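Report on the following structure.
The values are calculated or read from the model by the stated rules, or taken from the named source; none is laboratory data. A quick note: this is a predicted structure, and the numbers were derived from the prediction, not measured. Note that we place each Cβ from the backbone using ideal geometry, even for glycine, and neighbour counts take in every protein chain shown.
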Amino acid sequence: MGLRPHPPELEEFATLVGSEGPVGIAGGRTHFELGGELRPGTRTVSAPVGVVTHEPAEMTVRVRAGTPVTDLEEHLADGGQMVPLDPESPASTVGGVLAVGRSGIRRLGYGHVRDLVLEITYVNSEGKLIRAGGPTVKNVSGFDLCRLLVGSLGTLGFIAEVVLRCHPLPEVSRWFMSGTDPVELLSGLYRPVSILWDGTESHVLLEGAAADVEYQADRFDLTPVAGPPEVPREGRQSVRASQVADLQGHFVAEVGVGVVHRDIRTDPPPTEAPALHRAVKARLDPTGRLNPGREVVV
């Protein structure tokens, strides 16, 4: 059995990227300056748009990277399913969310955003289309390029199309507030989707059948609220549970995840990540033409 041919829309995108000269990719531009500004003179391209196929029985969807996440959500809702990409803006695109690689505040319930990706078709630095992964979990084998591309800010390849894992659309999705210790909530609630703690109170997101959500809310005396608290955007860092008590200033911690959002910027601890990323970049984009000027880690 031969390789599946690429659709004309993806071939056109690869031709647009080409094989020479600096080139950047733009989605909804909601995080366009993340990692640094593109070097002057860099032309920009946009990924193709559209939901290709939705397989409710397989719980997968094939979608072009330039598709707004809101459009994908509307399409999947008709089939009673969803993909928890949690965009920060209505303009966010599927490819943009994956390229940034930041999971939303529902990570506790649905896992990291990279775990949603089964297959990626991307354009490499030579202007060629590369397919990584497979449309089902059973077909995924070999080196996992999908996980490498998620969060790479388009510096290793431009995402053209993805196959994502879907989840059932919950009957209800409700936020609550509680003064109960967040660790007690984490251990006592059945599969909470999110627990956010500001050092004093917890915001809890429960999703699923209405009767189940109501039962848990009554059991833990949770107070209904309109939505989550405002999450600081200045700093985002990974911490251990034992370190949370030492945090200063306003913060919101994602309980059970290890991510804290702060109102001040913080420098990450020194690691070997910058050198590792540059080594990978040198192998996959030896001329440095993809999103020049942008750094994933510094």
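Side notes on the structure shown:
- Some residue of region 222-232 being at pLDDT below 70, loosely packed, with under 11 Cβ neighbours inside 10 Å and not in a helix (DSSP H, G or I): no
- Filter pass, residue 144 being under 30 Å from residue 229 (Cβ atoms) and at pLDDT below 95: no
- Per-region count, region 151-191, residues within 30 Å of residue 201 (Cα to Cα), aliphatic (A, V, I, L, M) and touching a strand residue (DSSP E or B) at 6+ places or on another chain (Cβ under 8 Å): 6
- Residues being closer than 17 Å to residue 105 by Cα and among the small types (Gly, Ala, Ser) - total across region 160-176: 1
- Answer residue from region 99-132, given it is among the β-branched types (Val, Ile, Thr) and assigned to a strand (DSSP E or B) and is nearest to residue 236 (Cα to Cα) among those: 117
- The test for being assigned to a loop (DSSP other than H, G, I, E, B), buried (at least 18 other Cβ atoms within 10 Å of the Cβ) and of a type outside the set (A, V, I, L, M, F, W, C) holds for residue 35.
- Condition met for residue 73 (surrounded by 14 or more Cβ atoms within 10 Å (Cβ to Cβ), in the same structural domain as residue 104 (by TED's automatic domain parsing) and under 19 Å from residue 104 (Cβ atoms)): yes
- Restricting attention to region 145-178 and to residues that are part of a strand (DSSP E or B) and of a type in the set (Ser, Thr, Tyr), the residue that is farthest from residue 112 (Cα to Cα) turns out to be 178.
- Residue match in region 132-152 (condition: assigned by TED's automatic domain parsing to the domain that holds residue 57, crowded, with 19+ Cβ neighbours inside 10 Å and either of a type in the set (D, E, K, R) or farther than 28 Å from residue 19 by Cα (or both)): no
- Hits in region 64-92 - residues which are farther than 25 Å from residue 208 by Cβ, assigned to a strand (DSSP E or B) and in contact with an Asp or Glu (Cβ under 9 Å, 6 or more places away or on another chain): 64
- Per the listing 94, 69, 113, 63, the residue uniquely under 14 Å from the mean Cα position of the chain (by Cα), touching a residue at least 40 places away in the same chain (Cβ under 8 Å) and closer than 29 Å to residue 175 by Cβ is 94.
- Qualifying positions in region 184-201 - within 24 Å of residue 85 (Cβ to Cβ) and surrounded by 14 or more Cβ atoms within 10 Å (Cβ to Cβ): 186, 189, 192, 193, 194, 195, 196, 197
- Among the residues of region 98-117, the ones that are out of contact with any Lys or Arg (no Cβ under 6 Å at 6 or more places or on another chain) and either closer than 14 Å to residue 163 by Cα or in the same structural domain as residue 202 (by TED's automatic domain parsing) (or both) come to 4 in all.
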